[in-house]
1. So, in the range 110-132, how many residues would count as being among the basic types (Lys, Arg) and without any contact (Cβ under 8 Å) to a residue 40 or more places away in the chain?
2. For the condition assigned by TED's automatic domain parsing to the domain that holds Asp347, exposed (fewer than 14 other Cβ atoms within 10 Å of the Cβ) and either at pLDDT 80 or above or within 23 Å of the chain's Cα centre (by Cα) (or both), what is the one hit in Val305, Val263, Val291, Val297?
3. Considering only residues of the range 200-239 that are surrounded by 14 or more Cβ atoms within 10 Å (Cβ to Cβ) and polar (S, T, N, Q), which is farthest from Asn174 (Cα to Cα)?
4. So if I check each of Thr388, Thr420, Thr380, which one is under 18 Å from Asp307 (Cβ atoms) and polar (S, T, N, Q)?
5. Go through the range 179-198 and report how many residues are surrounded by 14 or more Cβ atoms within 10 Å (Cβ to Cβ), hydroxyl-bearing (Ser, Thr, Tyr) and farther than 13 Å from Lys99 by Cα.
6. Filtering the range 135-158 down to residues that are touching an Asp or Glu at 6+ places or on another chain (Cβ under 7 Å) and within 14 Å of Ser220 (Cα to Cα), which residue is surrounded by the fewest Cβ atoms within 10 Å (Cβ to Cβ)?
7. Being at pLDDT below 90 and over 30 Å from Gln36 (Cα atoms) narrows it down to one residue among Gly254, Gly280; which is it?
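The values are calculated or read from the model by the stated rules, or taken from the named source; none is laboratory data. Fair warning: this is a prediction, and the values are worked out from it, not measured in the lab. Virtual Cβ from ideal backbone geometry, glycine too; neighbours counted across all protein chains shown.
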Amino acid sequence: MVVLLAVSVFFIYPPGEKTKLGLDLQGGLEVILEAQGDVTSEQMDQAELVVRNRVDKLGVSEPSINRQGEKDISVGLAGVKNVEDAMALIGKTALLEFKQVDSDLTQQITLGTITPDKLPADKQLLYETQRNDQGEVIRGEDGQPVQSPIVVDRQPLMTGAALDSASVGYDQFNRPKVDMTFTSEGQKQFADVTEKLATAGAITGKTSQMAIVLDDEVESAPTVKDKINSDKAEITGGMSLSAVQNIVLVLQTGALPVELKIVDKNEISATLGKDSLNQGLFAGAIGLIIVMIFMLVYYRLLGVVADLALIIYGVLFFAALTNPWYPATLTLPGIAGMILTVGVAADANVVIFERIKEEVRGGKTIRSAVNSGYSKGFKTILDANAITLITALVIFAVATAGVKGFALTLMIGVVISMFTAILATRAMLGLLADSRFFNNATLMGIKAGKKKKAE
């Protein structure tokens with residue numbers, strides 16, 4: 001028990017650094033995404049999965065992602081610092097295309113000798129964001145990103161369907177880039193495409209470029225001089241590490257089957273979350289103090305044992321929440337569940353103490369009463385906690401994120417209260433069973449004259 005408590009304290013301290021907080025406590029963002037156009041239930045299921053995968057890769061603690069109605073998805077992101085970037089990432093369609101660049105029309109658009117509305121129907125005007133050597137976006141005097149126009153064929157040479165995986169890599173100058181790996185069929189497509197571009201360039205004597213396009217934005221437009229028969233390709237262009245990581249993330253999680261737009265947004269400030277946390281913890285502390293005072297007044301020496309057991313319970317409980325393997329996220333409903341489990345833990349001791357007192361009144365010795373009281377009270381405690389545990393499991397299985405936090409803390413509390421009632425409380429009572437204080441009926445909370453002699 002001593003070793004377990006020492007390890008538990010190590011998990012908890014310092015509490016401010018070890019405890020993960022949910023959206024309602026640390027602040028963050030809650031948005032409603034609406035699918036555009038006619039969509040099917042299958043498309044919305046796939047869209048929800050893609051959004052969930054992207055949020056998971058963002059590392060957001062206890063995200064809340066749920067379908068609302070036929071076309072809406074609710075997304076809750078706790079502790080998000082850059083709201084706009086996060087939502088742009090989550091809502092990205094992630095449509096990857098490889099398109100041929102029309103260098104002649106690109107030059108004419110750049111020089112202004114032709115306007116975008118005069119482009120042929122099979123051509124498309126896209127833009128590439130300019131970056132400096134550090135990968136930072138170059139911005140103009142009005143703060144907008146500087147972009148270069150690029151005219152491409154509207155029909156792609158190949159799409160992201162040929163992609164097998166994507167990862168962050170670095171070039172010979174240690175600059176971040178996107179490494180892509182093709183499927184076996186994708187490798188063949190890439191070889192054919194690059195061979196055609198290289199041949200066309202050799203025949204015309206002009207530079208052949210292939211634009212790598214993600215959601216209608218040119219990420220890179222490399223020159224193709226030779227056939228590339230490889231299962232790998234890369235996106236370079238002086239991008240920052242965060243930009244590369246974002247591209248990799250959307251490519252890893254796949255394309256959204258529908259376009260999603262933000263129709264409602266609610267930002268929760270960190271200050272409001274801190275106030276909620278303080279109020280919740282204050283309420284919990286007051287509840288714990290009242291329970292401990294009641295146990296002391298009503299059960300006297302047994303109450304001291306119960307209060308020590310509650311302290312042990314609290315240490316083990318927070319250690320379970322902050323364990324390094326699967327740390328739980330604390331939310332306001334979670335705090336409510338935590339407060340409820342204090343009553344559950346106290347109730348286990350109440351059942352046992354009442355059984356012990358009954359045995360003492362019947363004339364048994366303290367040690368015999370402790371053993372008999374535990375034997376008679378254990379079944380009652382087990383039945384009551386089993387029902388609570390099953391209820392919490394059902395809630396956890398069907399509820400949304402906030403209520404899941406309540407169910408999770410309730411389950412953890414029930415299990416640990418059983419542990420402390422069976423092990424910690426019994427160990428302390430066993431140590432004190434031969435003490436002369438335990439032979440004092442008043443100190444045990446038994447009214448004078450109520451203790452009977454053994455027949």
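1. Residues of the range 110-132 among the basic types (Lys, Arg): 118, 123, 131.
Among the residues that remain, those that are also without any contact (Cβ under 8 Å) to a residue 40 or more places away in the chain are: 118, 123.
Within the range 110-132, residues that are among the basic types (Lys, Arg) and without any contact (Cβ under 8 Å) to a residue 40 or more places away in the chain number 2.
2. Numbers: Val305 fails: exposed (fewer than 14 other Cβ atoms within 10 Å of the Cβ); Val263 fails: assigned by TED's automatic domain parsing to the domain that holds Asp347; Val291 fails: exposed (fewer than 14 other Cβ atoms within 10 Å of the Cβ).
On inspection, the qualifying residue turns out to be Val297.
3. In this case the residue turns out to be Ser208.
4. Values: Thr388 fails: under 18 Å from Asp307 (Cβ atoms); Thr380 fails: under 18 Å from Asp307 (Cβ atoms).
From the options Thr388, Thr420, Thr380, the qualifying one is Thr420.
5. 2
6. Among those that are touching an Asp or Glu at 6+ places or on another chain (Cβ under 7 Å) and within 14 Å of Ser220 (Cα to Cα), it is Ser148.
7. Working: Gly254 fails: over 30 Å from Gln36 (Cα atoms).
Just a single option satisfies the conditions, and that option is Gly280.
Listed here are the residues, each with its yes/no results for (1) farther than 28 Å from Ser220 by Cβ; (2) among the charged types (D, E, K, R); (3) part of a helix (DSSP H, G or I).
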site	(1), (2), (3)
Gly37	yes, no, no
Asp85	no, yes, yes
Leu105	no, no, yes
Asp117	no, yes, yes
